[in-house]
Amino acid sequence: MSLCLADGYCLDTLGPFFGTQNDASITNHITKTKNALMEWCEPGDIMIVDRGFRDIVEAFSDLGYEPKMPIYLPKGQKQHTTNEANEARLVTKVRWTVESYHARLKKWRFFSDRIENQLLPKLQDCVRIVSATLNWLRGSIIKDHNTNHMDRLATLMTDRLAKHNYLVTLVEQGKLSTKQRWKKINEIDFDFPEMELEDLRQLFFGSYQIKQSQTYAEEHLDVNGDFAIQVSKETDEIIRCAIQSRHSNSTRYYAWIQFSLTGDPITSWYCQCKSGARTVGACAHEATIIWFLSYARHHDFQYSNGRRRIQQSIEKILSDEDEPDDSNEFSAT
């Protein structure tokens, strides 16, 4: 387990911990290192912890720190509330530097492959040596300390916390759920605001969802290269689309997007997935629709090489099935 600063600089690594050690035993080990923590940190410092370490939250609180962890979805609840999803997004926005640090660590072949049991006694020393080397030679993850940009981004995210999700209310009231209220976009003169990548990064507060959007889009385009998108009959500024879950083939979510051609391009969004009600950024399903309609289709969107090969194979199979079978033909004399 790694202890990292917000910019990705690694302070120390703890462990290794065996698979039989639970959250409580790991927490007990951390509290034993509280003297080192007190040298590095001050009371009231915010500690970002992973969702799997619930007992650590209480331990850090006892030490005088302020722990933050993504919220668990309560049993029987299918979706986080807007406030819960927003708070979780604030945590993951800060925690990405830790994930990036671990990605750096695993670029060393020794840590990316299976480690033999006889090397376990030396594993901690190896990890700490590599961590120190990364700190020395590569430095922190965030090197461009543009405080103005970071302050502006933090202000935008905190402002979004209090924003009411208008589409959630409409869906809960049943005003956007019936089939009779929708029509296909190819049946009308449909227009959607065009946006640049930088605009999308500001809207989603990062590029993670944008990177996922191409894969999602490829999976949901029809034979003509279009999304099966519907527009509300009551207003042309609300659309919806069914997106397949990447975790379950039997699950799909409806995502709603409200846009404007005169004011802010994207005014509201909502999805039925676990984090789809948030207003701080957007889930991957919502981001895919916005990315494709506002950017990809205006910039000659192309399938990836792997997807293109699959498509060509399917087209070849279909064309072979359409060809007449000459083996049954014969001539009579």
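What follows draws every value from the coordinates through simple rules; no lab data is involved. Since the structure is predicted, the reported quantities are computational estimates derived from the model, not experimental observations. So basically every Cβ, Gly included, is an ideal-geometry build from the backbone, and we count neighbours across all protein chains shown.
Taking chymotrypsin sites (Phe, Trp or Tyr not before Pro) as candidate sites, keep only those in a DSSP loop with at most 11 other Cβ atoms within 10 Å, then name the longest stretch of the chain containing none of them. Segment 19-329 is the longest.
Rounded, prolate or oblate: which one fits region 62-205, using the alpha carbon gyration tensor with axes a ≥ b ≥ c (rounded when a/c is under 1.5, else prolate when a/b beats b/c, else oblate)? In terms of gyration-tensor shape, prolate. Legend: ranking of residues Leu134, Leu197 from fewest to most surrounding C-beta atoms inside 10 Å; resulting order Leu197, Leu134. Quick one: of Lys78/Lys179; Lys106/Lys211; Lys107/Lys211, which pairs are farther than 31 Å apart, Cα to Cα? Flagged as over cut-off: nothing, all pairs pass.
Comparing Ile188, Ile229, Ile46 in a Gaussian network model of the chain where C-alpha atoms under 10 Å apart are linked, the largest mean-square fluctuation is found at Ile188.
Listed cross-link partners Lys163/Lys183; Lys68/Lys233; Lys68/Lys163; Lys68/Lys175 are compared with a 31 Å cut-off, the Cα-Cα value being larger for Lys68/Lys233; Lys68/Lys175. Listed by Cβ neighbour count within 10 Å, with the fewest neighbours leading, Thr267, Thr27 appear as Thr267, Thr27.
Would you be so kind as to identify which of Ala103, Asn28, Leu90 lies farthest towards the positive end of the dipole of region 2-145, taking Lys and Arg as +1 and Asp and Glu as -1 on Cβ and the Cα centre as origin? Result: Ala103, furthest along the dipole toward the positive end. Taking Cβ atoms as reference points and 12 Å as the exclusive limit, the residues near Leu176 contribute a net charge of +3, counting Lys and Arg as +1 and Asp and Glu as -1. For the chain, excluding the exposed loop sites themselves (trypsin sites (Lys or Arg not before Pro), DSSP loop, at most 14 other Cβ atoms within 10 Å), the longest remaining stretch covers 247-333.
Helical content alone sets the calculated 222 nm signal of the chain at -13500 deg cm²/dmol, taking -39,500 (n - 2.57) per DSSP H segment of four or more residues and averaging over every residue.
For the chain, the share of alpha carbon pairs falling in successive 10 Å distance bins from zero is 5, 19, 25, 22, 16, 8, 3, 1, 1, 0, 0 percent. Considering only beta bridges that DSSP places wholly inside the chain, some 90 percent are antiparallel. The overall shape of region 147-252 is prolate: from the C-alpha gyration tensor, with semi-axes ordered a ≥ b ≥ c, the ratio a/c is 1.5 or greater and a/b exceeds b/c. The charge dipole of region 2-145, taken about its Cα centre with unit charges on the Cβ of Lys, Arg, Asp and Glu (plus for the first two, minus for the last two), comes to roughly 640 debye.
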